[in-house]
Amino acid sequence: MDKYVIRGGRALEGKIAVHGAKNSILPILAASLLNCSGEPIRLKKVPHLHDVWAMLEILSKLGARVAHDGPDILLDTANVKCDQVPEALMREMRSSIFLMGPLLGRLGRVRVCYPGGCAIGERPINLHLEGLQALGAAVEERGSYIEARGRLRGAAITLAYPSVGATENLMLAAVTARGETVIRNAAREPEIIDLQNFLIKMGARVTGAGSPVITIKGGRDLHGGQYRTFPDRIVAGTYLLAAAITRGQVTVEEVVPEHLGALIRVLQKTGADLAAGDTVITVAGGRIKAAPRVDVHPYPGFPTDLQPPLVAYLTLADGTSTVIDHVFKNRFHHVQELRKMGARISLQGHQAVITGVSELKGAAVEAADLRAGAALVLAGLAARGETAVAGIKHIERGYEELPRALGLLGAKIERVAAVPGEGVRL
Ligand code: EPZ
């Protein structure tokens, strides 16, 4: 199993730019299915991420033409006729569930397999299916498959929970529906604003993203165009925490500081110095103070995707911190691995109580999911000695060339290919 090998104890220093947001690009790729015009879509500066290539592979299998032009992706979805998302790819990437909306809206039918659970918990899709039914779709669950069909018409929908994926799925379905759709208790994440901006560029009439009420006036034909997403706020936050946990000084560039307000406040409360410009944030780490309580909530609350890296950071705080994840209740697989490095963390339900220690020691650890992997890398950067992080395929779903990026900041981290036969437990 390939791994990252990290020699810890070096303070990160320097500047680093942040690539485009994975969680914007994925729904925007799904939205490209709404363009039947034959005029291509150009997505600019798309990062090289496993999840992005998996989504492009799905679009290709559905009939889209995908081309690469340097860092840009060109998409022509005029000939999409296939209404079934390939099962293997669907299982590989649960977030492909938000292909349902555009495929149903465009073709009048769609068949997907249940995305299934993952390391961060069961990933129910009830809010997606209930919303599609509200838009007039007949939804049938057949074993591990779901079929939806019908012509969509605008509706008033109130989400029981501000689900990011359900909000995106229903926005895309509503663009093709006859009439007006209003989504209430919608997710307010910046990625929703990114998706709205993209849809407007393609000729759709969407307003309200970033607020709890999104209005879509459906029934217009969409066209091509070009678009560049926001920078990835979770990658940016990971870099900021990497600088803080190593007590270094780092400037992240090409970011939107307001997207990171909750993290900036926690970093300031725990002893880091931060300065923000229009598109940059500089952090200078120092002795880490404990955070008595951090509650993880939907945006603009503290983001669940930065909860694992934050827990890693707080393992070295003076005192006891408590982190409660109200979004994914058992997103704590990083805890058992951090304990192997000397961290003192107790799990009580969906909260982690972290008793700070003076140092972490390098160890062999394994990532169970994307952001748990990021947490282990950060711990390795701060630990004494060498840390080997396995399971890096998870990390590479959402961080483009992480070893290279951290190496530019002075980290000693390299990607090591597995030795044949290594890791075979006899
Ligand atoms: C998106 O996942 C992100 N993924 C996740 O990022 C992120 O952690 C999550 O939003 C929360 O911000 C993408 O954008 C591709 P949700 P999503 O629907 O849409 C419950 C990463 O690391 N729920 O907002 O799946 C669900 O169980 C990934 O980049 C229902 O109950 O998140 C969870 O408790 C991980 N029924 C909560 O809502 C539903 O129908 C949040 O889920 C849907 C969700």
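General remarks:
- Considering ILE200, ILE214, ILE193, the condition of being within 16 Å of the ligand (Cβ to nearest atom) and in a helix (DSSP H, G or I) is satisfied by ILE193 alone.
Let's see how each residue does on (1) of a type in the set (Phe, Trp, Tyr); (2) in contact (Cβ under 8 Å) with a residue 60 or more places away in the chain; (3) assigned to a strand (DSSP E or B):
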residue: ARG220; (1), (2), (3): no, no, no
residue: TYR239; (1), (2), (3): yes, yes, no
residue: ALA244; (1), (2), (3): no, yes, no
residue: THR251; (1), (2), (3): no, yes, yes
residue: ILE264; (1), (2), (3): no, no, no
residue: THR282; (1), (2), (3): no, no, yes
residue: ARG287; (1), (2), (3): no, no, no
residue: ASP295; (1), (2), (3): no, no, yes
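- Members of the range 75-107 found to be closer than 23 Å to THR181 by Cβ and not aliphatic (A, V, I, L, M), listed by number: THR77, ASP83, SER95, SER96, PHE98, GLY101, PRO102, GLY105, ARG106
- For the range 318-332, filtering for residues that are surrounded by fewer than 21 Cβ atoms within 10 Å (Cβ to Cβ) and touching a residue at least 60 places away in the same chain (Cβ under 8 Å) leaves 3.
- Filter result (in contact with a Pro (Cβ under 9 Å, 6 or more places away or on another chain) and more than 10 Å from the ligand (Cβ to nearest atom)) within the range 275-312: ALA276, GLY277, ASP278, THR279, VAL280, ILE281
- When ILE192 is tested against (1) within 17 Å of LEU29 (Cα to Cα); (2) in contact (Cβ under 8 Å) with a residue 40 or more places away in the chain; (3) crowded, with 17+ Cβ neighbours inside 10 Å, just one condition goes unmet, and that condition is (2).
- Some residue of the range 19-41 being under 29 Å from ALA368 (Cα atoms), in contact (Cβ under 8 Å) with a residue 12 or more places away in the chain and more than 19 Å from the chain's Cα centre (by Cα): no
- Hey, LEU338 outside any strand (DSSP E or B), over 20 Å from the mean Cα position of the chain (by Cα) and closer than 17 Å to ASP369 by Cα or not: yes
No lab work stands behind these numbers, since they all come straight from the coordinates. Values in this document were obtained by computation on a predicted structure and should not be read as measured data. Cβ atoms come from the backbone with ideal geometry, glycine included; neighbour counts cover every protein chain shown.
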